[in-house]
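Here the structure comes first, spelled out in structure tokens, and everything after it is commentary.
The values are calculated or read from the model by the stated rules, or taken from the named source; none is laboratory data. It should be emphasised that the depicted structure is a prediction, and the values quoted were computed from it without experimental measurement. Because the Cβ atoms are built from the backbone with ideal geometry, glycine has one as well, and the counts that use them run over all protein chains shown.
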Amino acid sequence: MSAFIAAFTSLDWSLVLVVLLLLVVLVFLALAEMGLSRMSKPKAAALAERHPRRGRALVELIEEPEKWINPLLLTVNVCQTVQATLTGVVTSRSFGPLGVVAGVALNVVVFFVLAEAVPKTYAVLYAERAALFSARGVRALVRFPPLRFMSRGLIRLTNVIVKGKGLEDGPFVKEAEFLGVVEAAVKEEVIEKHERDLIESVIEFGDTVVREVMVPLPDMVTVPTDATIDAAIDVSIEHGFSRLPVLNDADDVVGVAFVKDLVRAERQGAGSSLVTTSMRSVVVVPENKPVSRLMNEMQTQKFHLAVVADEYGSITGLVTLEDCLEELVGEIVDEYDDEESEIVHLPDGDYQIDGTTSVSDVNDLLSTHIPDDEWDSIGGFIFGTLERVPEVGEAIDFEGWRFAVAALEGRRIRTVRVSVLEGLASADETA
């Protein structure tokens, strides 16, 4: 030990002192980064009421995170680079090449534990304390003009290299990374499971198109153009719908009949008139239209039902405002809805699945990876894989599961029975 100390010169001790100071700074920055990133605006405002002096700085940072994230990360990067360099210089001067190797190993262990794991774990456990403790220091740091100008310059350089503006307002998080954070928050009981499901629905909502949520043409409840108002009211009562698309002989929707209009006409003695005399115009949208944009149009233009057409103009289905909302909040069941589940877990362990069940729902249930960009429904997956109209009992195997056609309705796959492949099941039992 004495020989070790004797090998150090006054310059080496000065460098060691600088390294230790940088370690303290990195501990503070790690604590600040994690504490501030876990702080919400309402929580910051509440803390500001209890701790006015530190709370004002905290609120200022949380309201404009883009002003502190980049300078803070730049400072961390500079401190880590400088301390690693100085550590290498000290060990190489005193112990040669082997000292550099030992210095790097020691640096990785010490700085990871002391300057990363310990302060960030503390900030996760005591986010409010960490945020309040570091708020004024971080505010002073980001107000330092050279640091602020340097971080802005580096961000502009990044935008020039990647030809985009994604970093102008600060770093961004990929969708998968964000969902990982949400999942971690559920495990730590920061948010509830139903809140996690809602967040995931909102994220997926932006990628959902009308074709994925529409009611396909064969399942639509419609009335023909030659139907009377009395007949249309009977159809409405039978199925519990307040809006009925009116189809001509070419399976083209020519309008939509509102039950309120039909009842009013029937009360006025026009029950024997054709339904076309009381129908209204219908909105037609393409099947690849984003659901989020359609729902916004439904709100602003005040309509609740739209007919869906493919690229050739043929009617493929209809979509309602309720269909759009269900993508966000889950199934909405009213007094007239059939509450039969699309997925039934059978006593023998198999699943009975409606052919119209979405591929994404099946993937969530079975932990499979059926491509949902190629097929919207599980019936479509089987039909497309077989490349022909199947017969009852035919099956395909995919990722350890057997998907068998249980029932057909014309050329449509009405019900699918899903079971674990025998080889996989026996392997599980053996394990």
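Structure notes:
- Reported count of residues in the range 395-412, each being surrounded by 15 or more Cβ atoms within 10 Å (Cβ to Cβ), farther than 13 Å from Gly355 by Cβ and not aliphatic (A, V, I, L, M), is 4.
- Among the residues of the range 64-105, the ones that are touching a residue at least 12 places away in the same chain (Cβ under 8 Å) and closer than 30 Å to Ala45 by Cβ come to 12 in all.
- Taking each residue of the range 264-285 that is more than 30 Å from Arg211 (Cα to Cα) and looking for partners that are among the polar types (S, T, N, Q) and surrounded by 15 or more Cβ atoms within 10 Å (Cβ to Cβ) with beta-carbon atoms closer than 6 Å, six or more apart or interchain, yields Ala265/Ser278; Ser272/Thr228.
- Single unsatisfied condition, Gly164 versus (1) loosely packed, with under 14 Cβ neighbours inside 10 Å; (2) at pLDDT 75 or above: (2)
- Out of Leu366, Leu325, sole residue that is of a type in the set (A, V, I, L, M), at pLDDT below 90 and over 23 Å from Met220 (Cβ atoms): Leu366
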